[in-house]
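I have placed the structure first, in the form of structure tokens, so that the comments after it can refer back to it.
The values are calculated or read from the model by the stated rules, or taken from the named source; none is laboratory data. Here the structure is a predicted model, which is why all the values come from computation and not from measurement. Note: ideal-geometry Cβ built from the backbone for every residue, glycine included; neighbour counts use all protein chains shown.
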Amino acid sequence: MNEILKKIEEIGIVPVIALENADHAVPLCKALQEGGLPIAEITFRTKAAKESIARVAKELPDVLVGAGTVLSVDQVKQAVEAGAKFIVAPGFNKEVVQYCVDNSIPITPGCSTPSDLEMAVSMGLEAVKFFPAEASGGMKMLKAMSAPYKMLSFIPTGGISADNLNEYLAFDKVLACGGTWMVKSDLINAGDFDGIKKLTKEAVDTMLGFELAHVGINAENAEESLAITKRYAEVFNMPVKEGNSSNFAGTGIEVNKAPGLGKHGHLAIRTNSLSRAIAYFNRTGIEIDMNTAKFKGDKMIAVYLKEEIGGFAVHLLQK
């Protein structure tokens with residue numbers, strides 16, 4: 001897969017932005033970056049688009065900036081000249097797509113019918129924009145329409161919100177989702193970038209969905225492990241489940257049969273997307289110990305952070 005598309009997949013949410021004032025571009029994208037989404041699709045719906053893209057590309061090189069609502073080859077040229085790293089179109093304009101393909105410019109044209117997808121496949125595209133997602137039938141339509149096109153990934157946009165975000169992201173053919181709910185026009189026009197940062201953090205929290213799965217306690221041996229497990233089970237009226245390397249009291253208390261990672265044990269944290277959680281932590285300077293990764297087939301299902309917190313190792317689990 002194209003490296004830009006991989007980055008978009010890792011980030012998971014693409015804020016779609018219409019800017020009337022180019023002076024807002026940098027503080028807005030800085031708020032997105034600090035909120036956990038170092039990406040922006042700045043649309044060519046306004047005259048400020050090209051300058052906005054240029055300012056972000058120059059001043060915030062770690063933000064992946066692209067151009068949206070691109071309707072012509074001339075707009076593609078303007079966007080790329082300004083520093084756009086990817087192009088998004090509302091529909092399938094064959095001339096625009098062909099120009100981008102010929103010049104190795106990542107493009108995700110809008111598609112809402114099998115005929116659109118046929119054209120995308122014929123031109124060698126890896127991903128398209130499913131637009132307008134909700135108005136076109138939502139997840140039910142996407143699953144039905146995409147079934148014959150296993151080679152394509154999708155970026156649903158249009159009607160996506162915090163309420164349905166994870167429904168889309170849970171579908172394995174969805175690369176990422178585009179949305180506007182964290183970049184509301186009234187907040188942009190008011191210069192309320194702290195408000196945008198707050199909404200962005202909430203969007204990232206919704207996407208990753210971190211929650212405590214269980215607490216792991218280190219015991220010295222199997223006998224001690226079972227004794228501790230049974231005591232928790234007795235006190236809190238929980239079932240005991242014995243395992244090969246550990247025992248569980250209920251589902252929330254694990255007792256290892258030998259000392260494991262962490263001075264006291266570990267905390268297991270579930271997430272909606274282990275791959276996106278790892279990418280998020282890498283961006284924020286939190287190191288992952290990939291030597292601890294566990295797989296089911298070719299899919300990673302668990303991995304530890306390198307850092308111990310309060311004497312506990314931290315174990316990330318795929319929900």
Do we find a residue being at pLDDT 95 or above, acidic (D, E) and over 22 Å from M182 (Cβ atoms) anywhere in segment 79-88?
yes
Give the number of residues within segment 63-83 that are outside any helix (DSSP H, G or I) and either of a type in the set (D, E, K, R) or closer than 23 Å to P15 by Cβ (or both).
10
Are any residues in segment 5-27 part of a loop (DSSP other than H, G, I, E, B) and of a type in the set (D, E), and if so, which ones?
E20
Assess whether T251 counts as being touching a strand residue (DSSP E or B) at 6+ places or on another chain (Cβ under 7 Å), among the hydroxyl-bearing types (S, T, Y) and outside the structural domain of E34 (by TED's automatic domain parsing).
yes
Residue by residue through segment 229-240, note down the ones that are surrounded by 17 or more Cβ atoms within 10 Å (Cβ to Cβ) and either touching a residue at least 40 places away in the same chain (Cβ under 8 Å) or not polar (S, T, N, Q) (or both).
Y232, A233, M238
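Yes/no per residue for (1) over 30 Å from Y149 (Cβ atoms); (2) among the hydroxyl-bearing types (S, T, Y):
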site	(1), (2)
C29	yes, no
K58	yes, no
A89	no, no
T108	no, yes
Among G195, G191, G138, the single one that is more than 17 Å from the chain's Cα centre (by Cα), more than 26 Å from I107 (Cβ to Cβ), surrounded by 15 or more Cβ atoms within 10 Å (Cβ to Cβ) and assigned by TED's automatic domain parsing to the domain that holds K7 is G195
Given the structure, is I155 within 13 Å of the chain's Cα centre (by Cα) and of a type in the set (V, I, T)?
yes
Evaluate the following for G66: is it assigned by TED's automatic domain parsing to the domain that holds L19 and at positive phi?
no
Residue tally, condition within 25 Å of D62 (Cα to Cα), of a type in the set (A, V, I, L, M) and in a strand (DSSP E or B), over segment 261-304
2
Given the structure, is I309 surrounded by fewer than 17 Cβ atoms within 10 Å (Cβ to Cβ) and either more than 19 Å from the chain's Cα centre (by Cα) or closer than 26 Å to A219 by Cα (or both)?
yes
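Here's the yes/no breakdown for (1) surrounded by fewer than 19 Cβ atoms within 10 Å (Cβ to Cβ); (2) farther than 24 Å from D186 by Cα; (3) not assigned by TED's automatic domain parsing to the domain that holds P156:
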position: V14; (1), (2), (3): no, no, no
position: Q33; (1), (2), (3): no, no, no
position: G36; (1), (2), (3): no, no, no
position: E41; (1), (2), (3): no, no, no
position: K47; (1), (2), (3): yes, no, no
position: D62; (1), (2), (3): yes, yes, no
position: L71; (1), (2), (3): yes, yes, no
position: Q98; (1), (2), (3): yes, yes, no
Just checking, which of S185, S146 is without any contact (Cβ under 8 Å) to a residue 40 or more places away in the chain and of a type in the set (S, T, N, Q)?
S146
Looking only at strands (runs of 3 or more DSSP E) that fall completely inside segment 152-237, which ones have 2 or more residues that are under 20 Å from G250 (Cα atoms) and among the aliphatic types (A, V, I, L, M)?
211-218
Select the helices (runs of 4 or more DSSP H) contained entirely in segment 84-146, then report the ones holding at least 2 residues which are of a type in the set (D, E) and closer than 29 Å to V56 by Cβ.
94-102
Within segment 22-65, the residues that are more than 21 Å from the chain's Cα centre (by Cα) and touching a residue at least 40 places away in the same chain (Cβ under 8 Å) are H24, P27
